[in-house]
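Any read-out appearing in this document is the output of simple, stated calculations on the displayed coordinates, not a laboratory observation. Every value quoted in this text rests on a predicted model; they were computed, and no experiment measured them. For neighbour counting, all protein chains shown are included, and Cβ atoms are generated from backbone atoms with ideal geometry for every residue, glycine included.
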Amino acid sequence: MARRAGLVGKPSVGKSTLFNAATMSGREEADYPFTTTESSVGRAFVRVEDPGPDLGVESQPNTGFVEDGIRFVPVDLVDIPGLVPGAHQGRGMGNQFLSDLNRASALIHVVDLSGTTDAEGNPADDHDPGEDIEFLEREINRWYLEVLERGLSDFDPRDDSALVDAVTSRMRALGVSEPQVQRALDAGKPSELSDAERLSAATELRRASKPMLVAANKVDLDGAVDNLEELDVEAVPCSAKAEHELRKAAESGKVSYLPGDSSFDIAASLSAHQRSGLEEITDLMEEFGGTGVQEVLDRAYLDLLGLVPVFPVRDGLEDGDGRTLPDCFLMPPESTVEDLAEQVHSDVAESMLHGVDCRTGRRLAVDAELDAGDVVRIVTA
Ligand SMILES: Nc1nc2c(ncn2[C@@H]2O[C@H](COP(=O)(O)OP(=O)(O)OP(=O)(O)O)[C@@H](O)[C@H]2O)c(=O)[nH]1
Ligand SMILES: [Mg+2]
């Protein structure tokens, strides 16, 4: 399954704005619900340390880019249409939602922290964002429950051993694996599972296959900070709007700013209007240590999905074509040197003798586990 994160949430919370900021694309953003009706995949970046400075070389990335010792590594990000209460009964974009959900293996739940939109994304005065967080989790868990129920009803009661298979084959499209089903259904036969046990199994499977992070968006609006204090779950405060404006200003040379930085510099002469807009962003960044958007992305891919950035090389610190530190692969958790070789090329994996840790010069066994930031030379026969 593709290791992508998907942006989910009720309408009008800023999913497309965050997507546009992260991918610099032009999806429609507007203050009415269901602006987005189809999901879409774009290229965003995670921010990792570039090993070039440590190793005394200048990296030449094949993909993404490097600046000031920071490497931006491309990842796929999915923008998913808004979800409203009752969607699993077919309201709003409901029926499509499940297949959209399957395009992502981690979820970024975008919440309107300012409380200025109601449960359906219409303007409101004082909506509680905590309710939205509960609602979305419940809604997605219920979806899982429905698919789980279908698996349970496929199961042939004469053959106990078929239970896990029946459920796994129904739930595989959601990214659920057989060992996860095994664990979740520990309680026994379908006839012995109470409704509460079924829901708790569905919830456990959802957590395991679609870990979720709350992006508390619109922190730039009044009241958002108060609401942040009220939340009882961990959330990353952010302003997609501020990030998008900064990236556009950086693209046109008005400011110098690297996504994820805690501040920016003004690089060109600006109108009074532009200047005052940027001053507001400066205040926000001082309060939160940045706009929060890059942090949301980094946490989704590097923490939730646990991807491990690793730099494979062949010859010195170069690839076969003489480019220095050209690749950064985001490897699944617990990947080994052999997995890395396989990712480079199956031929390389077949003729591999061992790896070398380029930072220490130490030899690495084929089955050694990779750590974030490793620069690994693959030595072949
Ligand atoms: N103040 C503020 N407004 C924002 C922010 N992010 C988005 N908005 C505004 O919120 C409204 C909705 O934004 P969208 O990005 O279209 O929201 P969405 O979640 O994609 O909505 P649907 O596609 O309808 O589900 C727009 O008017 C945005 O300009 C933010 O960080 N701060
Ligand atoms: Mg949208």
Potential lengthening between Arg323 and Ser99 on full extension [0.36 nm per residue; Cα-Cα distance subtracted]
76.7 nm
Using a 10 angstrom cutoff on alpha carbons, build the Gaussian network for the chain and name the most mobile of Lys248, Lys15, Lys218.
Lys248
Springs between alpha-carbon atoms under 10 Å, Gaussian network over the chain: tell me which of Phe72, Phe45, Phe329 tops the mean-square fluctuations.
Phe329
The summed charge of the Glu251 Cβ neighbourhood (under 14 Å; Lys/Arg +1, Asp/Glu -1) stands at 0
What is the chain by shape, rounded, prolate or oblate, if you read a ≥ b ≥ c off the alpha carbon gyration tensor as root eigenvalues and call it rounded for a/c under 1.5, prolate for a/b larger than b/c, and oblate otherwise?
oblate
Jot down the radius of gyration and Dmax of region 308-380, Cα atoms only, both in angstrom.
10.6, 29
The answer for Ala267, listing residues at least 5 apart or on another chain whose modeled amide H is closer than 5 Å to its amide H, is Val255, Ser256
Just report the Cα centroid separation between region 1-45 and region 343-381, whole Å.
37
Of Asn217, Asn62, Asn227, which has the largest mean-square fluctuation in a 10 Å C-alpha GNM of the chain?
Asn62
Assuming 0.36 nm per residue, please report the length gained on full extension of the stretch Ser25 to Asp154 beyond their Cα-Cα distance.
42.1 nm
